Amino acid sequence: MIVVKNLHKYFDKLEVLRGIDCHVSEQEVVVVIGPSGSGKSTFLRCLNLLEEPTSGEIFIEGTSITAKETNINILRQEMGMVFQRFNLFPHKTALENITLAPVQVKRLSRSEANEIGHSLLAKVGLRDKADVYPDQLSGGQLQRVAIARALAMKPKVMLFDEPTSALDPEMVGEVLAVMKNLAREGMTMVVVTHEMGFAREVGDRVLFMDEGKIVEEGTPEQIFGNPRNERTRSFLSKIL
Amino acid sequence: MELPLELIWNSLPIILEGALRTLEITLIAISLGFILGLFAGLARLSKKRVVRLLATCYIDFLRGTPLLVQIFMVYFGLPQLLGSFQTFMMDTFHIAQIWESTHINPFVAAIISTSLNSGAYIAEIFRAGVQSIERGQMEAARSLGMTHVQAMRFVILPQAFKRIIPPLGNEFIAMLKDTSLLSVIGFEEMARKGQLIIAQTYKPFHIWLTVAFIYLIMTFAISRLVDYMERRLKAGDDRR
Ligand SMILES: Nc1ncnc2c1ncn2[C@@H]1O[C@H](COP(=O)(O)OP(=O)(O)O)[C@@H](O)[C@H]1O
Ligand SMILES: [Mg+2]
């Protein structure tokens, strides 16, 4: 589904990604962990071209997205993204947040889009919040609306960048529950998170990144139970 | 000193007629300036260097030179330029006269000079407004497959617009006062009306005082109106 070959990313002189190679299969849930500043967000953002890779190639279903001919707006519809800081549109209601892109980008009629919007709100457990503005929602609710918003474009892959890091602890569970559901439904997911419970329960594979490289990868059991790399071990000992 | 109330009373209709023209030209300048400013402000933020450079030239030139000089350039300079252009065309291509007269009437010159001028100031207001919106908003919109233009139109500008109402109000007030400079080209706004009355009555102090007082009423009323709009938008936010 996703193949990444020798991906490099520089910010000016700073080399943030130093040759990433990886693949994600259909319906797979890949969890990315690693210390702050190791390039996890940058890697994720390269996958939907929010950051432009400096060199290397990324294929989504066999199509090179780094090629000049690729229409990035179509690509991005296939790659839903959920941000650490939610980034809901504050001037729009929960429902409008979800329907904006389907109406403007996919040209769905408002009633079609509303129908999708309502069913997605129900799916994330916010059936009664359709007409509420973001500043009346809690962090957990905001993030669930954000997930619904990304799903409204019917993406093939969902990218999550530390979706629960900005949440109060009591709200982490409700967001993870929505993500687990998605995983069970067979959504292909790349998730940057330090929620080990989540990684163990639904993760198929864990990538450990450090200093712009994938240092170690394996099943959750391998990585958390028996990490081989010294840096993985020292990282895990700090966060577990 | 006694106030010649009768004189003031008798001059009032003419002064108020001027006040209406002042208001009219200010409204025109700000409206056209708003459109110009929107485009110039966005151009200033463009990724394309040429576009950015052109916008910067326009904005810096108009903000860095006196409005009075700009008025002169349009009212006296433009006709000369048009005349030379006409002569050139007639000599080179042997075509008939394009314009009977290249003289520009004061109203047209007033519109051109003040709109160009306020466009430059409003461009900076728009630029600051757009830049004040969190980067995550643009990223969220783009990640859903919206184009840059769609993201601006549906996500960034609606939020920026709320924030720029106070500086727009200030620009309106500044322009209202600055239109008095149009008296030098004989555009009959309030200051010009004042001059004309004084030429007949030889009572400069009383007439200028009256004129000043009416400017004050206008600027005060506008600043109240802007405060009110700002409060209402805030209240709207709180309700949410
Ligand atoms: N837009 C940017 N401009 C310059 N440097 C950046 C930018 N984004 C990230 N970086 C740098 O890249 C490195 C990796 O960042 P990031 O991918 O956010 O790491 P992580 O998500 O693992 O914490 C950091 O050193 C960060 O400062
Ligand atoms: Mg990050």
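The values are calculated or read from the model by the stated rules, or taken from the named source; none is laboratory data. Keep in mind the model is a prediction, meaning the values are calculated, not measured. Cβ atoms come from the backbone with ideal geometry, glycine included; neighbour counts cover every protein chain shown. Just so you know, the surface numbers come from the protein's heavy atoms only, side chains and all, with ligands and any DNA or RNA stripped out. Shrake-Rupley method; radii C 1.70, N 1.55, O 1.52, S 1.80 Å.
Under 8 Å for C-alpha pairs, at least 6 residues apart: give me the relative contact order for the range A:54-167, rounded to a whole percent.
Working: 148 pairs, mean separation 45.3, N = 114.
The value is 40 percent.
Is there a simple number for the mean count of other chain Cβ atoms within 10 Å of the Cβ of residues in A:83-95, and what is it? Kindly include the intermediate steps, with their values, before the conclusion.
On the way: counts 4, 1, 3, 2, 10, 3, 8, 9, 10, 4, 1, 0, 0.
Mean inter-chain Cβ contacts per residue within 10 Å come to 4.
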Simple label model, 7 Å out from Cα along Cβ direction - B:Ile35 to A:Arg127, nm | 5.0 nm
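May I ask you to list, by number, the DSSP H helices of chain B whose Cα span along the axis is at least 18 Å and whose average Kyte-Doolittle hydropathy reaches -0.5 or more? Could the numbers behind the result be given before it?
Working: long enough: B:5-44 (54 Å, 1.40); B:49-64 (21 Å, 0.75); B:78-93 (22 Å, 0.56); B:106-131 (37 Å, 0.88); B:165-178 (19 Å, 0.36); B:204-239 (52 Å, 0.34).
Span-like helices here: B:5-44, B:49-64, B:78-93, B:106-131, B:165-178, B:204-239.
Please tell me the relative contact order of chain B in percent, rounded to the nearest whole number, where contacts are Cα pairs under 8 Å and at least six residues apart. Mind dumping the intermediate values first?
Details: 236 pairs, mean separation 72.7, N = 240.
Dividing the mean separation by the residue count of chain B yields 30 percent.
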So which residues in the range A:39-77 end up with at least 30 square angstrom less accessible surface once the other protein chains are there, compared with the chain by itself, probe 1.4 angstrom?
-> A:Arg45, A:Leu50, A:Asn73, A:Arg76
Report relative contact order for chain A in percent, whole number only (criteria: Cα-Cα under 8 Å, sequence separation at least 6).
-> 27 percent
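Any idea how many Lys pairs in chain A come in under 15 angstrom at the alpha carbon, given 8 or more places apart or on separate chains?
Taking chain A as the scope, the lysine pair count is 8.
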Quick calc, the range B:1-118, dipole around Cα centre from Cβ unit charges on Lys, Arg (+) and Asp, Glu (-), nearest 20 debye, gives 1000 debye
For the protein assembly as shown, what is the mean residue ellipticity at 222 nm derived from helices alone (per DSSP H run of n ≥ 4: -39500 (n - 2.57); sum divided by total residues; nearest 500 deg cm²/dmol)?
-> -18500 deg cm²/dmol
Charge sum, other residues only, whose C-beta stays under 15 Å from B:Ile111's C-beta, Lys/Arg counted +1 and Asp/Glu -1 = -3
Unit charges at the beta carbon, dipole of chain B: most positive-side option, B:Phe213, B:Leu23, B:His94 = B:Leu23
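So what's the net charge close to A:Lys68: Lys and Arg +1, Asp and Glu -1, counting the other residues with Cβ under 15 Å from its Cβ? It would help to have the intermediate numbers written out before the result.
Values: positive: none; negative: A:Glu52, A:Glu57, A:Glu69.
Residues near A:Lys68 contribute -3 overall.
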How many angstrom lie between the C-alpha centres of the range A:116-163 and the range B:121-153?
-> 22 Å
Could you give the size of the charge dipole of the range B:134-199 about its Cα centre, using +1 on the Cβ of each K and R and -1 on the Cβ of each D and E, expressed in debye and rounded to the nearest 20?
-> 160 debye
